[in-house]
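Following this message is one structure expressed as structure tokens.
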Amino acid sequence: MSRLSSPSDLSFSDALIQLSLLLQAVSPASRDGFRIHQTALENALPCVSGSRHPLRPASMGGDVCPADISTSTRLVVGPRNQNCILSPSEYCQCQVSCLFIQKKRHVDYIAACLNSVGGIPPLPDHHAILSSKEAQGIWIDGAPELITGDLKLWTALSKVESTRIPGYWFGKRGIVPEPKIPVQAGERVFLFLHGGGYIVLSAHPRSPTTPIPRSLVELSGTVPHALAVEYRLSSTHPLPDRHPFPTALLDALAGYNYLVNVAGYHPSNIIVVGDSAGGNLALALVRYLVENKGVTDVQLPSPPGSLLLLAPWTDLSDSHDIPGSSSFTNKGDILKDMTDKAGFVCHAKRAFLGPHGLEMAATNRYISPASLHPLANARFTGFPRTFIQAGGAERLLDQIRTLREKMVADIGENEVTYYEATDAIHDYLAFPWHPACPPTLEAIQQWLA
């Protein structure tokens, strides 16, 4: 059981991830106790004048709600001197994205809440399968026999190899998570690749991103299952240098091969889906299958029938980090300053790129398909029908829009569905309480039909 030893060192995005994880990880008996902290957290938001919360240090600033306002039915949010009382239905993206997220002073309070219930256990990784009632873990064999072309060169340069990894089956409510293999003809499936900057989070149902596959399998009776791949995470100093590009692509390829050649799904019935960095990985996987279709030295499966990109990280270079861009203007996002050399995003880039170096991100079509660099030449001819989702208040917005433009230019507007949620933060589908989730899932449901 890990414990946060220094709450002041916890970034807001890390705290938000851990808070979401805590709600999924604690036992039902512990959840009742946690509701006290959740209510106190709501009270910690800036609100109209009243007595201070007895559990919150005065140094944190702000006042709590008057006693006659229940936080279970009404939330009070807004900067000091700009108070606004909202009903739950009015607790919209603007408040979530712009007011709550940027209030850094509440990070210490969130961390204190986490510590008060004993911290959270670490997430599972590629080393082992952790049993769960919500999903069925399986082992996915590596697929070294499917490596060819540029992927073979990058694999040799990074000194990585395809190996056995875990995966987790998620099923529609009321059915077993793992489908009966071989699957029935015509049955569709999601191949889910989780986000986390290639350096954190997991495919396990305890991970904060698993509300996404859980939600997706409920949208259509013809897509009742999702396989989440526990790909290997990258790391660099102060941790050992491990699993740089293209390690995650090797693992995603192994997962896709499992669906086709073990589970028996036809490629046209596979929907490759990824959020954030997982969206980057989904693009890379589909690109590899499209570009190497028909090669004779390996027997690659055909490309998938559909591609679903949720807030995808599409440019790991700095080509979109220009004054006036969403990288700088969308400051209310859960992603912090993307140009901060000591920040999460830059650290993730260094870990993922490894021996290839940051320069490779500017022009490599597998790493930065939306790069604006003049030598970048990412084409999308042959890609399947695609749904792209973005949040209007996220820092990745401009690069996601660039991806849409490039894909429309190559495969046509009829093959690209784009959904942008006004004022929504990055990867909001990972937070089921976010008000943009229902309409977004409805749009995806229509796309799946």
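The values are calculated or read from the model by the stated rules, or taken from the named source; none is laboratory data. Owing to the predicted nature of the structure, the values given are computational and were not obtained by experimental measurement. Note that we place each Cβ from the backbone using ideal geometry, even for glycine, and neighbour counts take in every protein chain shown.
If you go through segment 394-401 one residue at a time, do you hit one that is hydrophobic (A, V, I, L, M, F, W, C) and in contact with a Pro (Cβ under 6 Å, 6 or more places away or on another chain)?
no
Taking S302, is it touching a His at 6+ places or on another chain (Cβ under 9 Å) and without any contact (Cβ under 8 Å) to a residue 60 or more places away in the chain?
On the way: touching a His at 6+ places or on another chain (Cβ under 9 Å): yes; without any contact (Cβ under 8 Å) to a residue 60 or more places away in the chain: yes.
In short, yes.
Let me ask you something else. Looking at segment 382-436, which of the residues that are in a helix (DSSP H, G or I), of a type in the set (K, R) and in contact with a strand residue (DSSP E or B) (Cβ under 8 Å, 6 or more places away or on another chain) is nearest to I271 (Cα to Cα)?
R404
Right, another one. Within segment 205-322, which helices (runs of 4 or more DSSP H) (wholly inside it) include 1 or more residues that are among the β-branched types (V, I, T) and surrounded by fewer than 23 Cβ atoms within 10 Å (Cβ to Cβ)?
Where helices (runs of 4 or more DSSP H) fall fully within segment 205-322 and carry at least 1 residues being among the β-branched types (V, I, T) and surrounded by fewer than 23 Cβ atoms within 10 Å (Cβ to Cβ), they are 247-261, 277-291.
Identify all residues within segment 232-280 that are closer than 23 Å to I388 by Cα and polar (S, T, N, Q); write none if there are none.
The answer is S268, N269, S276, N280.
Here is a list of conditions, (1) more than 18 Å from the chain's Cα centre (by Cα); (2) among the acidic types (D, E); (3) on the phi > 0 side of the Ramachandran plot, and D427 meets all of them except one; can you say which number that is?
With respect to (1) more than 18 Å from the chain's Cα centre (by Cα); (2) among the acidic types (D, E); (3) on the phi > 0 side of the Ramachandran plot, D427 is out only on (1).
Still on this structure, please answer the following. What residue, of A248, A185, A254, A263, is within 30 Å of R395 (Cα to Cα) and among the aliphatic types (A, V, I, L, M)?
None of the others qualify; the one that does is A248.
Would it be correct to say that E161 is loosely packed, with under 14 Cβ neighbours inside 10 Å, assigned by TED's automatic domain parsing to the domain that holds T209 and in a loop (DSSP other than H, G, I, E, B)?
In short, yes.
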